[in-house]
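One structure is given below, encoded as C-alpha cells.
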Amino acid sequence: MKTAVVTGSARGIGCAICEQLAIDGVDNIVVCDLNAEWCNETVEAIKALGKNAIAVEMNVADSASVEGAVAEIIEKFGKIDICVNNAGITRDGLLMRMSEDDWDSVLDINLKGAYLVTKAVTKHMMRARSGAIVNIASIVGIMGNAGQCNYSASKGGLIAFTKSCAREFAGRNIRVNAVAPGFIQSKMTDVLSDEVKSKMMANIPMNRLGQPSDVAQAVSFLAGDNSGYITGQVLSVNGGMLMP
Ligand SMILES: NC(=O)c1ccc[n+]([C@@H]2O[C@H](COP(=O)([O-])OP(=O)(O)OC[C@H]3O[C@@H](n4cnc5c(N)ncnc54)[C@H](O)[C@@H]3O)[C@@H](O)[C@H]2O)c1
C-alpha cells in the first residue's frame, strides 16, 4: 500500500497529479491545501478512480501547520511513500516596483514551503529507508523571466534544493527530483493577456500550451518505481520551449 502527499492540490496541476498517481496505482492520496473544504473536488475525483483519498489542511509556509498535518497523515496511514511539493504562487511585477511583501510571500510559499514539508516527511521516510520526493519547479527557474524575479528565484532555488536533498538522502534510498513545467493551461496562466499568450506560443516548438496532465505524468514517473535509479534530476515539460 503506497501513500502520497501532494501539497496545493485542491485544483490545477496538483489536482491532476493526484489523479495521475491514483491511475498509476497509489492506494492512498492525501490532498493538502490551505483549506480542507477546497480539496473536496480532488478527493471525489480520486474516489471515482477507486482509490482512497483524504483532505488535510496544510499551509506549507507555516511550520506548525506542516508538522501538525504530517503527524495527522502518519497517524492515519503509518507512512508516507511519495511527497509532491506542488503548492506555489506568483506575485508578478518588475523588480523596481516589487514590494518586499511580494518577494517574501513567494519565497515563503514556493521555497521555504518545500523545505518545511520535505523536513517533516523525510523524518518518516528515513525511518522506512524509502521514499520519493518530487518538487514542482518551473522553466523560469532555469531561464529567468522579466517581471518574475521573485518567482524565478524561488524556482531556481527549488532546483538547487532538489539537488542538495538528493545528495543528502540518496544513501537512505530516498530519491528527490524536480519537474520544470513550461507554460501550462491553468488558473495561473489564464490571467495572462492574449498578447502575452501569443508571444509565448511563438516560442513553443510544439505550438500548444501544456496541460496539467502533461506535468502529472512526468511527476508520476519520477514518483514511481520506473525511475528507481534517477535522483537529483530536473525533468522539463515544456513542449520544447527550452532545451537546456
Ligand atoms: N501553471 C503554470 O503554467 C505553471 C508553470 C510552471 C510551474 N507551475 C507550478 O506548478 C504548481 C501548481 O501551479 P498551478 O498552475 O496548478 O497553480 P494554482 O494556483 O491553480 O494552484 C496552486 C494551489 O496551491 C495552493 N496554495 C497556495 N498557497 C499555499 C500554501 N501556503 N499552502 C498550501 N497550499 C497553497 C492554492 O490554494 C492552490 O490550490 C506551482 O508550484 C506553480 O508554480 C505552474
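Please get the size of the charge dipole for the chain, origin at its Cα centre, with Cβ charges of +1 on Lys and Arg and -1 on Asp and Glu, quoted in debye to the nearest 20. Can you show the working numbers first?
Numbers: 22 positive and 25 negative charges, 180 e Å.
The dipole magnitude comes to about 860 debye.
Lys pairs in the stretch 3-235, Cα-Cα under 14 Å, at least 8 apart or on separate chains: how many? Each step should come with its number before you reach the end.
On the way: Lys79/Lys123; Lys112/Lys155; Lys155/Lys163; Lys187/Lys197.
Eligible lysine pairs with Cα atoms under 14 Å apart amount to 4.
For Ala53, list long-range residues whose amide hydrogen, built 1.01 Å from N in the peptide plane, is under 5 Å from its own amide hydrogen.
Ile29
Principal axis extents for the stretch 86-226, Cα atoms only, whole Å, descending order, please.
That gives 50, 36, 22 Å along the principal axes, largest extent first.
Tell me the relative contact order for the chain as a rounded percent, counting alpha carbon contacts under 8 Å between residues six or more apart.
Details: 501 pairs, mean separation 46.7, N = 244.
Once divided by the residue count of the chain, the mean separation gives 19 percent.
Around Ile204, under 14 Å between beta carbons, what's the net of Lys plus Arg minus Asp minus Glu among the other residues?
Details: positive: Lys197, Lys199, Arg208; negative: Asp214.
Net local charge, Ile204 excluded: +2.
Counting only other residues whose beta carbon sits under 14 Å from that of Asn35, what net charge do I get with K and R as +1, D and E as -1? Numbers along the way, then the final one.
Details: positive: Arg11; negative: Asp33, Glu37, Glu41, Glu57, Asp62.
Result for the local shell: -4.
Taking Lys2 as the anchor, which aspartates and glutamates have their alpha carbon closer than 17 Å to its alpha carbon, excluding any fewer than eight residues away along the same chain?
Glu19, Asp24, Asp27, Glu72, Glu75, Asp81, Asp225
Counting only DSSP beta bridges with both residues in the chain, what percent are antiparallel, rounded to the nearest 5? If you can, show how the numbers build up before the last one.
Working: 0 of 30 bridges.
In the chain, approximately 0 percent of DSSP beta bridges are antiparallel ones.
Over the chain, consider all pairs of different Cα atoms and compute the Kirkwood hydrodynamic radius from their mean reciprocal separation; express it in Å, one decimal. List each step's numbers first, then the result.
Details: mean 1/r = 0.0559 Å⁻¹.
It is 17.9 Å.
Of Asn40, Leu95, Pro244, which is farthest towards the positive pole of the chain's charge dipole, taken about the Cα centre with +1 and -1 on the beta-carbons of Lys, Arg and Asp, Glu respectively?
Value: Pro244.
No value in this document is a laboratory result; all are computed from the given coordinates. Note that the structure is predicted; figures quoted are calculated from it, not measured. Backbone-built Cβ (ideal geometry, glycine too); neighbour counts: all protein chains shown.
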